[in-house]
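Report on the structure given below.
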Amino acid sequence: MSRLFAGTQWDREPHCPQCDQPEAKCQCPPDAGPQPLAVPNRAQKLKLRVEKRKQGKVVTVITGLSATKNNLPEVLKQLKNLCGSGGNLDGDTIELQGDHTTKLEAWWKKGP
Ligand SMILES: [Zn+2]
């Protein structure tokens, strides 16, 4: 029985569009495009500051991580877990409720 696509361009196993290896041999990362980092690259300059908000509430403001290069919603989730507090994201700025600078500095130094 002849295969439907025998002799046509479809008669080859799927090849990777990036390295042109058969997919079984391909070693390319799943998507070679730049991916936002869920674990921020430590080459970036992380900036932490503590701000007082209304009713004497204190928040830790984290800047220096760009929203295009970092998966900030994912980073926020990790930091909320790390600090055990609520937080939110506004553009490139992450805010965590409470003063968590010590924890965050340790987290940043530890690296990925
Ligand atoms: Zn490949």
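Using Cβ counts within 10 Å as a stand-in for footprinting exposure, how do ASP99, ASP90 rank, fewest first? Mind showing how you got there, number by number?
On the way: ASP99 16, ASP90 10.
Fewest-to-most ranking of ASP99, ASP90: ASP90, ASP99.
Can you pull the one-decimal nm distance between simple spin-label points at LYS57 and THR102, each 7 Å off the Cα toward Cβ?
2.3 nm
Go from 0 up to the bin containing the longest alpha carbon distance in region 47-110, width 10 Å each, and give me the % of pairs per bin.
In order of increasing distance, the bins hold 22, 59, 17, 1 percent.
Read-outs throughout are calculated quantities, based only on the coordinates presented, and are distinct from any laboratory measurement. Here the structure is a predicted model, which is why all the values come from computation and not from measurement. Virtual Cβ from ideal backbone geometry, glycine too; neighbours counted across all protein chains shown.
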